[in-house]
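Below is one structure, written out as C-alpha cells, with a few remarks after it.
The values are calculated or read from the model by the stated rules, or taken from the named source; none is laboratory data. All values reported here derive from a predicted model rather than from experimental measurement. Every residue, glycine as well, gets a Cβ built from its backbone with ideal geometry; the counts of neighbours run over all protein chains shown. With ligands, DNA and RNA removed, areas are computed over all heavy atoms of the protein, side chains included. Shrake-Rupley method; radii C 1.70, N 1.55, O 1.52, S 1.80 Å.
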Amino acid sequence: MLNRRNFLTAAVGVAAAAGLSACAKEDEGGSGGSSGGGSKKITLGFSQVGSESGWRSANTDSVKSAAKEAGFNLKFSDAQQKQENQISAIRSFIAQKVDVIAFSPVKVTGWDAVLQEAKAAKIPVVLTDRSVETKDESLFVTLVGSDFTDEGRRAAKILEKVLEKAGHKGKVKIAQLEGTTGSAPAIERAKGFKEVMEAEHKDDWKIVVTQTGDFTRAGGKQVMAAFLQSNPDIDVLYAHNDDMAIGAIQAIEAAGKKPGKDILIVSVDGVKDGFIAMSEGKINAIVECNPLLGPQLMEVVQTVKDGGSVERWIKTKESDFMQDQAKDALPTRKY
C-alpha cells in the first residue's frame, strides 16, 4: 500500500517493439496570474538534478510550465549533477525566504544538515522524482515521484517476453548500464530487476557486467564499448534509461553487431528518441517513466502553502488513479 508521505505517480507502463504490450545555474521564472483567491503569489525554490537526459529536459519543462500556469514565482536552479551545487541552491532559497522548496535529489544520502536548516527556517520541503534516506522524515513533507523499484521489476518481466519472442534458449548473459551512482533510480531500478531475476531466473539469467553510465548518452556509449571488450558474448543489455541505451547502440554498431538482434535491449523512460530507436528495432522494450510531474508538484506546493492536508490530497489522487485504471484497463500499480 502507498505510504501516505509518498505520492507516487501512476503513469507507468511498458512499451515494446514487434507487438509486445506497450518507462548550478540559477534563473527566475516569474508568471502571470495569481495562486488563487487574490492571495500573495507563492515563491517556489526548485533545484533540478541537471540536464543529463531527454527525460530530465522534459521534466524541467513540465515544472516550469506548471509553475507558470499556477501563477507561482519560480526560482529555478540547475545542479549540473553535483550534490554540492544542490545544497548551495537550497541554502540560497532559505536565505531568500521562499515559501516552499522542492528538489530532485542528486543522491539519496547527505541531505540531513541542509534540510534541518530549512526546517529551522520553517520552509516546507517537497521531494520530486527522487527520494532521500533520512532518519528524520519530518525534514520533508512528501515525495512526488515514480516507483523505481517497480520499474526494475517490470523491466525484468518484459525481458522474459523479449527473450521468448527472439527465440532465445538457455543461459542469458546480461550487461547492466546503471544510472548515477548513489541516486534513487539507479539503486531501485537495479534492485527491482534483481528481485525478479533471483526469484524466477536464478539458474538461467546472470548479470555478467554492470557499471554506471551516469544517465548520459556519452556515458552509455563509453561503458558499452568497454563491456563489449571484456564480454563480447553479451546477450542482453538492461539500461536504466533510454539515453544510455541510445549511447550503447552506437557502441554496439561500432563493434559490428546489431542492437535489438545480436544484443537485446531493455531500457527505462520512454523519451522520444527511445521510441524512435524502438520503432527501428534497435531497442526491444521500454518501461515508461512519466517525466510530467509539474502539475502534481504544483498542486502539492499549493496544498502545503495553504496549510492543507497532503495526506488527504494523496488519498484523493489515489482514488482518482484507481478509477482511471479501472476505466482504461491499464495494469494495476503495486506499491
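For Thr109 and Ala95, calculate 0.36 nm times their separation in residues minus their Cα-Cα distance, and state this gained length in nm to one decimal.
On the way: separation 14, 0.36 × 14 = 5.04 nm, distance 2.28 nm.
Fully extending the segment from Thr109 to Ala95 adds 2.8 nm.
Highest mean first, what order results for 112-124, 211-223 on Cβ atoms within 10 Å? Could the numbers behind the result be given before it?
On the way: 112-124: 15.3, 211-223: 22.1.
So the peptides 112-124, 211-223, ranked by packing, come out 211-223, 112-124.
Distance between the C-alpha centers of the stretch 221-290 and the stretch 111-188? Whole Å please.
Using only Cα atoms, the two centres lie 20 Å from each other.
How high is the FRET efficiency between His168 and Asp306 when r is their beta carbon distance and R₀ equals 51 Å, given to the nearest 0.05?
On the way: r = 54 Å, r/R0 = 1.07.
With R0 = 51 Å, the Cβ-Cβ based efficiency is 0.40.
Can you tell me which of 159-165, 69-75, 41-47 comes out highest on packing, and rank the rest after it, using the mean Cβ neighbours within 10 Å?
Numbers: 159-165: 18.1, 69-75: 20.6, 41-47: 23.6.
Highest mean packing first, the order is 41-47, 69-75, 159-165.
Given a Förster radius of 41 Å and the C-beta distance between Lys122 and Glu195 as r, what FRET efficiency does 1/(1 + (r/R0)^6) yield to the nearest 0.05?
Numbers: r = 40 Å, r/R0 = 0.97.
According to the calculation, E is roughly 0.55.
Please list Ile246, Ile252 in order of solvent-accessible area, largest first, computed with a 1.4 Å probe with all protein chains present. Present the calculation step by step, with values, prior to reporting the outcome.
Numbers: Ile246 20, Ile252 0 Å².
Result of the area sort, largest leading: Ile246, Ile252.
Using θ = phi - 60° and the Karplus relation 6.51 cos²θ - 1.76 cosθ + 1.60, list the HN-Hα couplings for the stretch 60-65 in order, rounded to whole Hz, with x at every Gly or Pro.
4, 4, 5, 5, 5, 5
Computing the accessible area with a 1.4 Å probe over protein heavy atoms, can you report the carbon and sulfur percentage for the stretch 148-289?
Roughly 48 percent of what the probe reaches on the stretch 148-289 is carbon or sulfur.
Solvent-accessible area per residue for the stretch 148-289 at a 1.4 Å probe radius, Å²? Don't jump to the answer; show the numbers that get you there.
Working: 5910 Å² over 142 residues.
That works out to 42 Å² for each residue.
Eigenvalues of the Cα gyration tensor times 5, then square-rooted: what semi-axes does that give for the stretch 112-185, in whole angstrom, largest first?
On the way: eigenvalues 318, 29, 12 Å².
Working through the eigenvalues yields semi-axes of 40, 12, 8 Å.
DSSP loop GluC sites (Glu not before Pro) in the stretch 217-290 with at most 12 other Cβ atoms within 10 Å of their Cβ, which ones?
On the way: sites: Glu253, Glu280, Glu288; in loops: Glu280.
When the GluC sites (Glu not before Pro) of the stretch 217-290 are filtered for loop state and at most 12 Cβ neighbours within 10 Å, Glu280 remain.
Using the Karplus equation 6.51 cos²θ - 1.76 cosθ + 1.60 (θ = phi - 60°), what ³J(HN,Hα) coupling, rounded to whole Hz, does each residue of the stretch 99-109 give in order, writing x for Gly and Pro?
Going residue by residue, I get 7, 9, 10, 10, 7, 9, x, 4, 10, 7, 10 Hz, with x marking Gly and Pro.
Stokes-Einstein D for the stretch 148-289 at 4 °C, 1.567 mPa s, Kirkwood Rh over Cα pairs, in µm²/s?
90
Order of 234-241, 255-262 by packing, highest average Cβ count within 10 Å first?
Values: 234-241: 26.5, 255-262: 15.4.
Ranked by mean Cβ neighbours within 10 Å, highest first: 234-241, 255-262.
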